[in-house]
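Peer 1: Here it is, the structure in full.
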């Protein structure tokens, strides 16, 4: 009860199963910077399972104005321990540990410890150290989020080889199947007499039945036409409007209002078809240790194959409707039962697949099967790109004017950023700019060579401010990074793919798919 | 772009005074960011105390702080991080009279971190009156928004109409519920209020609409009788007997009475009264209610979990148990007040985070649902429906507060032109997280910011409405108010030419008090002139009955009367839809000029007077208020990078 109460406001958003995933996650933070501490704060509060901070610095006076989780009295103490202690105070249910080691070489020296985490957050990481870390995470398919800041500017890069989701929350409309009613719905609709004389009964016919009825009437007039155009739907809408007997018939009003939207063709979205075509699904039996997601996806694909209409399982819920309670309950039960039937079939496919794969039957929990069926239409996979491949890419922008925040992106790719020993000279800047231009395609680099100032001033800025963390920017970036980490951990909502530049001067951001 | 700026601390003047309204989710983040960004003089106002459900995001609070004032704890927590900063906490309601115009005027800017419409509207109005820039914020789950309101330059909080909370006809709630929400509203707004709330004279409630034409007056009359009978029971029963007594009254007798009204059930399934004895036996069989009915249910077991829909027997147990607890709490409160020699009429208010309240409402709503053949709901769902819960998470608050401080920094460093509106959207098909928009110009239809705000000093004990009218007389034509005026306060009509009963009563006697806004409008609505809002400052040593501060403010429009009239005619002839604003003939129109000459000593003498559009044109959106960037449905914010 205590936990439900404490987490009430977030349970409303990501539900108990999202919370369970969060509580099972372990996050590793490399460098206890201000931005890193803010990221962890935002994960400790909602109750992430545990965190590790890898940092070997002592709290410096410069940390005081930047990092909220160090105090004046703690200057000189080990930053990893100080920040861990303060963060643990925020939530007693969260495990936290401090590892006093060089965060930059941790991936090489302690790969095993690092890989025991579900997600790695690296902050203000010099390029030279980032590449081996990113390669290790990529190889072991562990999510890595990089968060760098320099003065008023921030840069976020998410590296995830494959991120799978059922609950994207992208398609919110109800799955009603009006264009292809299942037999029980058909029978139910036929049991109503839309021309009945009883005005009370007439005013209580649920809008779903009205839509089915008028669709049928329209089809009788147009026997050859299969797909409905927008104009056709409008025509059906006006047929419904003409059949209204008195202005109090809210059921007719509701049907007319929803006609265009709900009379859409039920089909498997292309996005889902693409996932079905992926080798992890098609060649499921060839993979060594298939993830439950792919077993479920394959079961859904097999379900669609078998379905007479080639459709995904029915979601099973209906919107509130103007009708009497009894009819509504009947209608609700109708959809629920059909959805249950579909779940049954999918469950059957899952257990067959598990037998074929020689996996124990509890590999895919029943709740997950239900979740997959309910959200089948939203099924989605994000395939990421590695930071290594990004480095080797030739970058181009299709926009004639090179955008401001694209230049900031480039300025965060310099090799000397965060190594910060030498003072920034114009030679360093020139050298870095030359390197960056080498990454660009001809037309873009020509444009920038003609006007070098915008890029060189930005490079100068990031190099100059690589060691300055402004608290407010760190808080903003820390909020964004934690939000993306929560999306990745809970497998709910679609995370950033894959780069975000945060501009604290004009409070703009820009995302890039790199 | 100030690329050379190293820290914001160097930018924000030490003297900048900011007011933070709200120390909740956004407020905590905001206070932390402000003290670490060089804002040294901060006042924070919050009336709330800390609750367990705050701790998942309001990180300045910990378990040991539960039930302490939010403002105080938050101020102490952030103060430690900057000894130079002075953070002053006010554990109070921002609408309290001590936070008057003069108080608001001390601040250079105001930041709203509020969760309710009413307080936001109030702060918006106070900022318009005192001409203080306001950084406004809001979140809901993964969604967030930050914007800046500047009197005369931008949209105010009320320029965009806000959705009104849904209300239900009284008969739907009290006699003919057909959905779970009807039962929940009944349990919370009717039953709970009648049984445990302080006995106020009027039982009006927000969620139940006043009787309308569709409600049967005879039925309403009966419902009133029903309510007073319930009240009677409440005073007679002890905490132990209250549950069974009320149960029989509302789930057996009242339902039996409803059943006698045949015509009501001609087309609906009839409700079925519950019988306490039968249910009780049933509960005993299921082991839910042991020999001690009032023992707490085993809430920690799966059968009683928040997500579980309780059985009828469970609901009975939960109803009897929570009723006895709440009744005892009421008694304790009354006793404490009697001992302290205070008014004994105290009670409880429904709080969604109060376990006893929520258990009561869940059980009562579900029992009623049983009677009317409606689906029962879990405690978790009832909480969302009864409490209007908006999901709130740490990350969104962190992001929104960060954006607010950027806007605050623009304002504090003299760059209001850099302010903008930012939306935080959830990524669905598009990878985009943020949208930016230019600040919109004020809506010419806004009844809040398009009117003229004037401060009025008066002696509330001796000045009358007649004095007020007399004081306004010299200016009313200039203001375009005409001969016949209407005076209102908070939606109450105080005077119009056909209603002069109050004319010679002192202002205090007609309900005008310190720190309120009195509206003076023309009796004939005039599309060219907005009503006048008089902000009342009352004092007993005020020599004059009514004094209008800086009367030249009111006199000013005299100079524009002629051009105004001619412009009006011209506009009426042409009715050009592009003409959104009409300039004074002798002065070029400043596109972002103000309309309400600001009061409270910060008046803009040359204050240009923008006229509102004729009503016919009001439907057309002014061309200059279009956002520069409209969120579109493609991926245009992502620069495509080619291999």
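Peer 1: What FRET efficiency would be calculated for the residue pair residue B:418, residue B:106, taking the C-beta separation as r and a Förster radius of 30 Å, to the nearest 0.05?
Peer 2: 0.75
Peer 1: Under the rule a/c < 1.5 gives rounded, and otherwise a/b versus b/c splits prolate from oblate, where does region A:390-465 land using the Cα gyration tensor?
Peer 2: Prolate, because a/c is 1.5 or more and a/b exceeds b/c.
Peer 1: Is the shape of region B:292-429 best called rounded, prolate or oblate, per the rule: a/c under 1.5 gives rounded, else a/b larger than b/c gives prolate, else oblate, with a ≥ b ≥ c the square roots of the Cα gyration tensor eigenvalues?
Peer 2: Taking the square roots of the gyration eigenvalues as a ≥ b ≥ c, region B:292-429 is oblate.
Peer 1: Calculate how steeply helix A:453-465 sits against the longest principal axis of the alpha-carbon atoms of chain A, using the helix alpha-carbon long axis, and give the answer as 0 to 90 degrees to the nearest 10.
Peer 2: Approximately 70 degrees, to the nearest 10.
Peer 1: Oh, and also: Which FRET efficiency value, to the nearest 0.05, do you get for residue A:112 and residue A:285 by plugging their Cβ-Cβ distance into 1/(1 + (r/R0)^6) with R0 = 41 Å?
Peer 2: Here the calculated transfer efficiency is 0.85.
Peer 1: For each of B:499, B:251, B:517, count neighbouring Cβ atoms within 10 Å of the residue's Cβ, then give the residues from fewest to most.
Peer 2: Ordered from fewest to most neighbouring Cβ atoms within 10 Å, B:499, B:251, B:517 come out as B:499, B:517, B:251.
Peer 1: May I pose another question? Mind giving me the FRET efficiency for residue B:307 and residue A:246? R0 is 35 Å, r the Cβ-Cβ distance, nearest 0.05 is fine.
Peer 2: Efficiency at R0 = 35 Å is approximately 0.25.
Peer 1: To the nearest 10 degrees, how steep is helix A:230-242 against the longest Cα principal axis of chain A, on a 0 to 90 scale?
Peer 2: 50 degrees
Peer 1: Compute the acute angle (0 to 90°) between the alpha-carbon long axis of helix A:127-139 and the principal axis of greatest extent of the alpha-carbon atoms of chain A; round to the nearest 10°.
Peer 2: 40 degrees
Peer 1: Next question. Each label point is 7 Å from the Cα along the Cα-to-Cβ direction; what then is the distance between the points at residue A:425 and residue A:391, in nm?
Peer 2: About 2.5 nm separates the two model spin labels.
Peer 1: Only counting other Cβ atoms within 10 Å, I'd like A:41, B:268 sorted with the fewest neighbours first.
Peer 2: Values: A:41 26, B:268 16.
Least to most surrounded, the residues fall as B:268, A:41.
Peer 1: Could you please rank B:103, B:310, placing first whichever residue has the fewest other Cβ atoms within 10 Å of its Cβ? Please list the in-between numbers first.
Peer 2: Details: B:103 17, B:310 24.
Least to most surrounded, the residues fall as B:103, B:310.
Peer 1: Would you mind giving the average projected area, over all directions, of the Cα convex hull of region A:145-294 in nm² with one decimal?
Peer 2: Mean projected area of the Cα convex hull: 16.2 nm².
Peer 1: At q = 0.05, 0.08, 0.13 Å⁻¹, what is the base-10 log of I(q)/I(0) for chain A according to the Debye formula with one equal point scatterer per Cα and no solvent? Please give it to two decimals.
Peer 2: -0.28, -0.67, -1.19
Peer 1: Stretch residue B:284-residue B:167 to full length: gain in nm at 0.36 nm per residue minus the Cα-Cα span?
Peer 2: 38.2 nm
Peer 1: Still on this structure, please answer the following. With labels modelled as points extended 7 Å from the Cα through the Cβ direction, what inter-label distance (nm, one decimal) is found for residue B:332 paired with residue A:230?
Peer 2: 6.3 nm
Peer 1: From the square roots a ≥ b ≥ c of the eigenvalues of the alpha-carbon gyration tensor of region A:1-83, which class results: rounded (a/c under 1.5), prolate (a/b over b/c), or oblate?
Peer 2: In terms of gyration-tensor shape, prolate.
Peer 1: Between region A:421-442 and region A:55-102, what is the separation of their alpha carbon centroids in Å?
Peer 2: First find each Cα centre; the distance between them is then 34 Å.
Peer 1: Residue separation times 0.36 nm, minus the C-alpha to C-alpha distance between residue B:484 and residue B:259: what's the value?
Peer 2: That works out to 75.6 nm of additional length.
Peer 1: Under a plain spin-label model, where a point goes 7 Å from the Cα along Cα-to-Cβ, how far apart in nm are residue B:438 and residue A:403?
Peer 2: Calculated label separation equals 1.9 nm.
Every number in this text was worked out from the coordinates using simple rules, so none of it is lab data. Quantities reported herein were computed from a predicted structural model and do not represent experimental measurements. As a convention, Cβ positions derive from the backbone with ideal geometry for all residues, glycine included, and neighbour counts pool all protein chains shown.
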